[in-house]
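Okay, structure first, notes after.
Every number here is computed from the coordinates shown, using simple stated rules; none is lab data. Fair warning: this is a prediction, and the values are worked out from it, not measured in the lab. Using ideal geometry, Cβ is built from the backbone for each residue, glycine included, and neighbour counts are taken over all protein chains shown.
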Amino acid sequence: GGGGGGGGGATLSAKFEALKKMRNSAKAGAGKMSTKAGKAGTQERRAQTAKEQKAKRGAALAEKRSGKAGTTATAKGKGKGKDAGKGKGKDADKGKGKEKAKEKEAPPRDLDKEMDMYWYEAGKGDNPDAVAMNNELDSYWQSRPAADAAADAGVDAAAEAAAPAVAEA
């Protein structure tokens with residue numbers, strides 16, 4: 001049994017040597033190939049990443065310029081990231097147009113009132129609200145017909161005449 005093992009040992013050592021040679025040649029060849037392939041792969045990945053980042057930055061810049069934030073797929077929650085799939089919400093865009101609406105010019109009447117209030121607060125004029133109320137009262141009394149005034153005076157006289165009669169009763 002031991003002699004057969006010795007003959008088998010020489011065969012094993014020859015096999016190990018053959019394996020060792022194959023392993024070394026595979027390492028050397030694979031090492032060269034993997035280095036070249038690895039460098040090419042790395043360069044391709046870097047170029048792809050740079051291209052993607054450039055596209056994202058360009059899209060973000062275009063959104064800022066156009067004033068339409070949140071229109072990309074990732075902003076709506078369809079892209080990658082920790083908040084992926086959450087979306088923007090039902091009422092997320094409401095009210096954005098009002099912020100950028102141009103201010104319309106105020107009518108001259110409003111501007112006049114603003115200027116009068118400024119002078120009033122500076123102590124150089126009357127209160128514009130009190131002046132407006134006085135003007136309204138004056139126009140009301142002037143536009144009221146004389147007949148109405150006479151009718152009101154008659155009603156007042158009748159009421160006074162009825163009052164003592166009620167008091168006597």
What FRET efficiency comes out for the pair residue 133/residue 105, r = Cβ-Cβ distance, R0 = 35 Å, nearest 0.05?
0.85
Could you give each residue of the range 104-115 its phi-based ³J(HN,Hα) in whole Hz, using Karplus coefficients 6.51, -1.76, 1.60 with θ = phi - 60°, and x for Gly or Pro?
7, 5, 6, x, x, 4, 5, 5, 4, 5, 4, 5
So how far apart, in nm, are the two label points at residue 50 and residue 22 if each is 7 Å from Cα heading toward Cβ?
4.3
Return the long-range amide H neighbours of residue 125 (sequence gap of 5 or more, or a different chain), with a cut-off of under 5 Å between placed amide H atoms.
none
Full-extension gain between residue 126 and residue 11, please, as 0.36 nm times their residue separation minus the C-alpha to C-alpha distance.
29.4 nm
